[in-house]
1. Percent relative contact order of the chain, based on C-alpha pairs within less than 8 angstrom and at least six residues apart?
2. Taking only protein heavy atoms and a 1.4 Å probe, what accessible area per residue, in Å², does the chain have with all protein chains in place?
3. Springs between alpha-carbon pairs under 10 angstrom, Gaussian network model over the chain: which of Asp17, Asp153, Asp168 fluctuates most?
4. If you project the alpha carbons of the stretch 62-111 onto the principal axes, what extent comes out on each, in Å, largest first?
5. Enter the Cα centre distance for the pair the stretch 119-144 and the stretch 50-78, rounded to the nearest angstrom.
6. For the stretch 100-235, what is the largest minus smallest coordinate of the Cα atoms on each principal axis, given in angstrom and ordered from greatest to least?
7. Relative contact order for the stretch 126-199: what is it in percent, counting Cα pairs under 8 Å that are at least 6 residues apart?
8. With a 10 Å radius around each residue's Cβ, average the other Cβ atoms per peptide and rank 26-37, 200-211, 57-68, highest first.
Amino acid sequence: MEETIRVLTYNVRSLRDDRAALARVVRSCAPDVVCVQESPRFFGWRRAARTMAASFGLKVVAGGADASGNLLLAGPNVTVEDTEVLYLEHRRGYHLRGLALAALKIGGGRFTVAGTHLSMNLEQRVYQAGEVLGHLEGFAERNQTKPLILAGDFNSHPGSVEWNIITDRLADAWMLAPFGAEFTSTGKNPYQRLDAVFVSRDIQVERAGVPTDLVSPADTALATDHLPVLAVLRI
């Protein structure tokens, strides 16, 4: 039996902007799962993550500071079977990057979701693309949750070396079923696509993109410096 899931990925810029607008944006998308980048990472980050999740009507699944700002949230209809958080291999002089993973279940559908935020440095980013895929596939194999979802801020563009490393093994959801707007950065003047949802080829994509039919431009301009990407998937 197929299940429909709504996956949102969103860089929230450490909650430095309008939190009420941010909550309105997320709630308007009615997501089952949210992959957050740049969630609070310093003193009191767990409380801040729980407060943010509650403002979205969601619960914390995994991540936060222990995944270098990558945080997974889920709705009440989602069962959490397993989680893992880790730091990616670190190179001196660059920001520490991480990965948050979860084996989840909605109805009769089981799947693995991972959220990440790749480096600003090209060489490191290329390495991290393969590193993230390895962790994702290994985690899913251990949990026997093979439908795979990888979402986040990849700090790169379609057609780049690191983007192609990912699309050799996963499909770019936007390319399969584009809906709404493509560009995700910046929030006020979008001109490039840095944020994406990638899926294994056993997942059917119903729509993917910036949900311009659901969110208010006034809210997205105030909420953070990225736009959200919503993917509606059947597993």
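1. Rounded, it is 23 percent for the chain.
2. Solvent-accessible surface per residue comes out at 42 Å².
3. Fluctuation is largest for Asp168.
4. 45, 15, 10
5. Result: 21 Å between the Cα centres.
6. Computed over the stretch 100-235, the largest-to-smallest principal extents equal 43, 39, 23 Å.
7. Reported as a whole number, the value is 37 percent.
8. Output ranking for 26-37, 200-211, 57-68: 26-37, 57-68, 200-211.
The values are calculated or read from the model by the stated rules, or taken from the named source; none is laboratory data. Fair warning: this is a prediction, and the values are worked out from it, not measured in the lab. Quick reminder, even Gly has a Cβ in these numbers, built from the backbone with ideal geometry, and neighbours come from all protein chains shown. The area values use the complete protein model at the heavy-atom level, side chains included, leaving out ligands, DNA and RNA. Shrake-Rupley method; radii C 1.70, N 1.55, O 1.52, S 1.80 Å.
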